[in-house]
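One structure is given here, and the rest of the page talks about it.
The values are calculated or read from the model by the stated rules, or taken from the named source; none is laboratory data. Because the structure is a prediction, the values reported are computed rather than measured. Using ideal geometry, Cβ is built from the backbone for each residue, glycine included, and neighbour counts are taken over all protein chains shown.
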Amino acid sequence: MYYNQQNPMPTQFPQFMPPTSGPASHPTGYQMAVPIDSAPYPEVTGEHDPETVAMLKEDYAGADSELTAITQYVFQSGRTADNDAFANACLQIGIIEMMHLDMLADAIETLGGTPTFDDGRTFWTAENVNYASDLRGMIMANIAAEQGAIINYEKHIAMTSNESVKALLHRIIQDEKLHLQFFQDMLATM
């Protein structure tokens, strides 16, 4: 399923504003406002391109990949069940990362590859996930992961001549920057 103008991502998730200080105490709970960029995602086009496929497979299922991000956010959501706001925020961001994974799979296939859960050298492993168990540690791990993703995408933009791949990676970076800012803001309030 490719997310583009015909299949846009949701423009917002249900959300309530978090309290200005202290732990969640609203009797019905609340959800943190996770920012979403509703700009469309470009579709990847092109001929068979093994070099770009190899690069995209790192983004797809490498150690610092979308698959790792999804798994980390799902883990954190389960570990913070007593903090509904953070657990829900992790799931919201995880859904966006799932859409990135799906788009990268489509790009890999379009360029002649097979989107398997490996980076072209080794299979993906759950050892890639940061298993921090405290909220501060989780937030710091997420900041590091989002920063790493942005750096990797920028590096890969410079490595390919395929303009549609560059456009897709630039668009994904927009999302990653929003996630990074969300976690940085959260850390600043702790």
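Tabulated results
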{"item": "Output for segment 39-94, where each listed residue is part of a loop (DSSP other than H, G, I, E, B), of a type in the set (S, T, Y) and in contact (Cβ under 8 Å) with a residue 60 or more places away in the chain", "result": "Y41, T45, S65"}
{"item": "Selection count where residues are within 19 Å of D106 (Cα to Cα) and either part of a loop (DSSP other than H, G, I, E, B) or β-branched (V, I, T) (or both), scope segment 137-185", "result": "7"}
{"item": "Filter pass, A105 being touching a Pro at 6+ places or on another chain (Cβ under 8 Å), among the hydrophobic types (A, V, I, L, M, F, W, C) and at pLDDT below 95", "result": "no"}
{"item": "Residues located in segment 96-122, provided they are more than 18 Å from P42 (Cβ to Cβ) and without any contact (Cβ under 8 Å) to a residue 24 or more places away in the chain", "result": "T114, R121, T122"}
{"item": "Complete set of residues in segment 95-109 that are surrounded by fewer than 22 Cβ atoms within 10 Å (Cβ to Cβ) and either over 13 Å from I36 (Cβ atoms) or not hydrophobic (A, V, I, L, M, F, W, C) (or both)", "result": "M98, L101, D102, A105, D106, E109"}
{"item": "Selected residue (only one of A144, A132 is of a type outside the set (D, E) and surrounded by fewer than 17 Cβ atoms within 10 Å (Cβ to Cβ))", "result": "A144"}
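Condition check ((1) surrounded by fewer than 17 Cβ atoms within 10 Å (Cβ to Cβ); (2) over 16 Å from the mean Cα position of the chain (by Cα); (3) at pLDDT 85 or above) across all residues:
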position: M1; (1), (2), (3): yes, yes, no
position: N7; (1), (2), (3): yes, yes, no
position: F13; (1), (2), (3): no, no, no
position: A24; (1), (2), (3): yes, yes, no
position: P50; (1), (2), (3): yes, yes, yes
position: V53; (1), (2), (3): no, yes, yes
position: Y60; (1), (2), (3): no, no, yes
position: E66; (1), (2), (3): no, no, yes
position: S77; (1), (2), (3): no, no, yes
